[in-house]
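Novice: Provided herewith is a single structure, encoded as structure tokens, for subsequent inquiry.
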Amino acid sequence: MTHTADGLVALEAQLRQDLEYLELPAKSWVPEHQYKGVPVRDVVVIGAGMCGLAAVAKLQLSGVSNVVAYDAAPAGLEGPWVTFARMETLRSPKSLHGPALGLPQLTFRAWFTAQWGSDAWQALDKIAKDQWMDYLVWYRKVLNLPVQNNVRVTRVTPVDGLLALELSGAQSGVVYARRLVLATGRSGLGGFAVPDFLSGIDRKFWAHSADEIDFDALQGKRIAILGAGASAMDNAATALENGAAAVDLIIRRKAMPRINKMTGIGSQGVVHGMHLLADDWKWKFVDYTASTQTPPPRSSTLRVSRHENARFFLDCGVNSVKQQENGLQLNTTQGALYYDYLIAATGFTNNFHGRPEFAAIAPYIRSWADGRYNSEMGNARQSMLEAPDLGPSFEFRERTPGECPLLAHIYCFNDAAMLTHGKVSGDIPAVSAGADRLARGIIASLFAEDVEQHYASLQAFDIPELQGDEWVDSTPLLKQENAL
């Protein structure tokens, strides 16, 4: 596949022209604010992965220029793509628009075709995950998005109508913000979901699938993988390809899920209509897809099963795990199994009480368990009950009205928003629609908050359209005619 840089230069020129034609970015319109003599950010975004970049881009294009994204990772390592995402390719079809925000020249297809040509695009099956990261790096650069890397937000505290953000890393100290967007990806608000039977087990014997794992150190080892989802397959395959002696997938289900239900009904109706459904319908959709489960991709599963030293143990639940001197004993419904190391591909949790940076606001956040769910809706799934009960623009709501009003200025633009808003804040297909919904809400709230200043600007505006020489006043002639 021959690469040419000239095509990318031409694409960037076309994108600049398109933005100029559309008068984007819009002129900056939000009045400046200060707190105790310190400039205040209009919007801070935590996370500069795909969702964070899309959010910042949409806000900046809409004239909210006083915005910044902080990411704890070094530049080029944001999100999961080249860290704990261990698949070979993306699972989404190559043609999806992703974070392009309705701009054709900003799509992955335009970026790819500009460099490798139309024939290479037609020959492409799925997008390599490393290449997707390269595209996101270009996306950030070509839009000149304000991102600061190696910066971690360690605490969020409401103060005098603002949000005080304590920072560490490449930038330290306190930054004040009017609005805060949590674009924290798959980990959402809570972090890793870990089975209780791993509590107390030395971490040298196990890892979560989203951990940084030294797979070279697993060469020649017997490995157990908990789960049968995509991340389970990706981690199993990576262990096998790095020389693991044996890899067993421990799967509670009696049969592997085979049908990806939500993909089957994907449409603009789902994207734009799901968040407007009644609560019982939202619960029905998410509960049903949770019960049927999403199958791992065929290619990912074949990547594992082509190894003779890979085994699939179905209908095999883990009752307990016992730590031994040199490994683990798993007591399962099929008997005792012994391993050197275990990887828990068990997903993430919405239990935000485990995140120290949110400790000051977590007690006040309303979840679906706080009155939105009732038993007539269906199964009381813990993961769904823990989901935040969000407003129409991804904003948090208070558990008890009046206790923490500033929650309405914090937006949950990550995977935890799915139950309220559908899959528009975590996956590639509809992230542009999610960023648009988010930005519209933030823009409306900023405008309303500054309405007195905008009205004062209306009154103070004094640039005349007419100079006074565009007409002749005929009133004196009319008076003369009437006098006659």
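Each reported figure results from applying straightforward, stated rules to the coordinates on display, with no laboratory input. Keep in mind the model is a prediction, meaning the values are calculated, not measured. A quick note on method: Cβ atoms are made from the backbone with ideal geometry, for glycine too, and the neighbour counts reach across all protein chains shown.
Novice: Mind checking the full-extension length gain between Glu308 and Tyr35? Use 0.36 nm per residue of separation minus the Cα-Cα distance, one decimal, nm.
Specialist: 91.9 nm
Novice: Would you mind checking which residues have amide H under 5 Å from Ile365's amide H? H placed 1.01 Å from N; only 5 or more apart, or other chain.
Specialist: Long-range HN contacts for Ile365: Arg399.
Novice: Quick check for me: using +1 on Lys/Arg Cβ and -1 on Asp/Glu Cβ, what's the dipole size of segment 1-80 about its Cα centre, in debye to the nearest 20?
Specialist: In total the dipole reaches around 320 debye.
Novice: Okay, next question. Counting only other residues whose beta carbon sits under 12 Å from that of Leu165, what net charge do I get with K and R as +1, D and E as -1?
Specialist: +3
Novice: Also: Could you let me know the centre-to-centre spacing of segment 414-484 and segment 179-227, using Cα atoms, in angstrom?
Specialist: Cα centroid of segment 414-484 versus Cα centroid of segment 179-227: 48 Å apart.
Novice: Just to verify a number: FRET efficiency for Ala245 and Arg155, C-beta to C-beta distance, R0 = 56 Å, to 0.05?
Specialist: In this case the efficiency is close to 0.80.
Novice: Around His208, which amide H atoms from residues at least 5 apart in sequence, or from another chain, sit under 5 Å from its own amide H, with H modelled in the peptide plane?
Specialist: Amide H to amide H, under 5 Å and 5 or more residues apart or across chains, His208 pairs with Ala344.
Novice: Counting other C-beta atoms within 10 Å, and keeping those with at most 16, which DSSP coil trypsin sites (Lys or Arg not before Pro) do you find in segment 1-77?
Specialist: Lys27, Lys36
Novice: Here's a follow-up. Hey, rough spin-label estimate for Asn326 and Asp370, points 7 angstrom out along Cα→Cβ, what's it come to in nanometres?
Specialist: Calculated label separation equals 5.2 nm.
Novice: Further question on the same structure: Do you know the relative contact order of the chain, to the nearest whole percent, from alpha carbon pairs under 8 angstrom that are 6+ apart?
Specialist: That works out to 17 percent.
Novice: Would you list which lysines come within 22 Å of Lys126, measuring only between C-alpha atoms, while excluding same-chain residues fewer than 8 positions from it?
Specialist: Lys94, Lys261, Lys423
Novice: For Gln382 and Lys141, what is the calculated FRET efficiency with R₀ set at 45 Å and r taken between the beta-carbons, to the nearest 0.05?
Specialist: 0.60
Novice: May I pose another question? Determine the shape class of segment 170-306: with a ≥ b ≥ c the square roots of the Cα gyration tensor eigenvalues, call it rounded for a/c under 1.5, and otherwise prolate if a/b is greater than b/c, oblate otherwise.
Specialist: oblate
Novice: Also: GluC sites (Glu not before Pro) within segment 399-484: which are DSSP loop residues with at most 12 other Cβ atoms inside 10 Å?
Specialist: Glu403, Glu465, Glu470
Novice: Grab the DSSP H runs of the chain that are 4 residues or longer, score each as -39,500 (n - 2.57), total them, divide by all residues and round the 222 nm result to the nearest 500 deg cm²/dmol.
Specialist: For the chain, the value works out to -9000 deg cm²/dmol.
Novice: Can I ask one more? Cα-based Rg (one decimal) and Dmax (whole number) for segment 282-323, in Å?
Specialist: Both quantities, over Cα of segment 282-323: 15.3, 43 Å.
Novice: Please state the relative contact order of segment 218-296 as a whole percent: Cα pairs under 8 Å, 6+ residues apart?
Specialist: Relative contact order here is 35 percent.
Novice: Using each residue's phi in segment 119-128, evaluate 6.51 cos²θ - 1.76 cosθ + 1.60 at θ = phi - 60° and report the 3J(HN,Hα) Karplus result to the nearest Hz, with x for Gly and Pro.
Specialist: Result, rounded to whole Hz: 5, 5, 5, 4, 7, 5, 8, 10, 7, 5.
Novice: Could you grab the Rg to Rh ratio for the chain? Cα atoms only, Kirkwood for Rh.
Specialist: Radius of gyration relative to Kirkwood radius: 1.06.
Novice: Note the full-extension length gain between Lys204 and Glu481 as 0.36 nm times their separation in residues minus their Cα-Cα distance, in nm to one decimal.
Specialist: Taking Lys204 through Glu481 to full extension adds about 89.3 nm, to one decimal.
Novice: Sticking with this one: Once amide H atoms are placed 1.01 Å from N in the peptide plane, what residues at a sequence separation of 5 or more from Val82, or on another chain, have their amide H within under 5 Å of its amide H?
Specialist: Long-range HN contacts for Val82: none found.
Novice: Can you give the % of DSSP beta bridges in the chain that are antiparallel, to the nearest 5?
Specialist: Of the beta bridges lying entirely in the chain, close to 50 percent run antiparallel.
Novice: Semi-axes of the equivalent ellipsoid for segment 404-484, please: Cα gyration tensor eigenvalues, times 5, square-rooted, ordered largest first, whole Å.
Specialist: Square roots of five times the eigenvalues give 56, 17, 11 Å.
Novice: Quote the FRET efficiency, to the nearest 0.05, computed for Ala13 versus Thr292 with a Förster distance R0 of 41 Å and r equal to the Cβ-Cβ distance.
Specialist: With a Förster radius of 41 Å, E is 0.30.
Novice: Using 0.36 nm per residue, how much length does the chain from Tyr338 to Ser95 gain when fully extended, once their Cα-Cα distance is taken away?
Specialist: 83.1 nm
Novice: Provide the three semi-axes, in whole Å and in decreasing order, of the ellipsoid equivalent to segment 4-137 as defined by the square roots of 5 times the Cα gyration tensor eigenvalues.
Specialist: That gives 31, 20, 11 Å for the three semi-axes.
Novice: For a paramagnetic label modelled at 7 Å from the Cα of Ala120 toward its Cβ, which residues of segment 1-44 fall within the zone defined by backbone nitrogen distances under 20 Å?
Specialist: The answer is 1-15, whose backbone nitrogens lie closer than 20 Å to the label point.
Novice: Around Arg41, under 11 Å between beta carbons, what's the net of Lys plus Arg minus Asp minus Glu among the other residues?
Specialist: Taking every Cβ under 11 Å from that of Arg41, the sum is 0.
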